[in-house]
């Protein structure tokens, strides 16, 4: 096979694998977006109980673990889950408590902004402490 032909085959293989990676990430993005859209639609269509139940479902970890399970070992998934659980306790609980506390006092957008800052603060401190050990 001439040199140019093998180079062309290699280029096509790389393009195909790049396209496959791109479409794979697009699927991940769309999957999360669809579920978020369902949660908002349920709330807006007068079915808040279903919306709130759907919001309780661990959408992002569920989808992540489905896709990560294709490339990672069960031990890596379990390790990831332990990290997420600890991080949830450390940062998500203060975030949700601040949403509950600040929303009636400040309104939705300001309370979300303050709560995200609180979440980031707790998350960063959690990571710093983890890295120090």
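Based on what the data block shows, is residue 108 more than 15 Å from the chain's Cα centre (by Cα) and either in contact (Cβ under 8 Å) with a residue 24 or more places away in the chain or at positive phi (or both)?
In short, no.
Report, by residue number, each residue of segment 35-47 that is loosely packed, with under 12 Cβ neighbours inside 10 Å and either part of a helix (DSSP H, G or I) or modelled with pLDDT under 75 (or both).
37, 44
For residue 70, state whether it is modelled with pLDDT under 85 and over 16 Å from the mean Cα position of the chain (by Cα).
Numbers: modelled with pLDDT under 85: yes; over 16 Å from the mean Cα position of the chain (by Cα): yes.
Yes; evaluated as a whole, the condition is true for this residue.
Kindly indicate whether residue 31 is surrounded by 13 or more Cβ atoms within 10 Å (Cβ to Cβ), at pLDDT 90 or above, over 25 Å from residue 118 (Cβ atoms) and not assigned by TED's automatic domain parsing to the domain that holds residue 123.
no
What are the residues in segment 48-57 that are exposed (fewer than 12 other Cβ atoms within 10 Å of the Cβ) and either under 22 Å from residue 28 (Cα atoms) or under 18 Å from the mean Cα position of the chain (by Cα) (or both), if any?
56, 57
The values are calculated or read from the model by the stated rules, or taken from the named source; none is laboratory data. The model shown is predicted, which means the values in this text are computed figures rather than measured ones. Because the Cβ atoms are built from the backbone with ideal geometry, glycine has one as well, and the counts that use them run over all protein chains shown.
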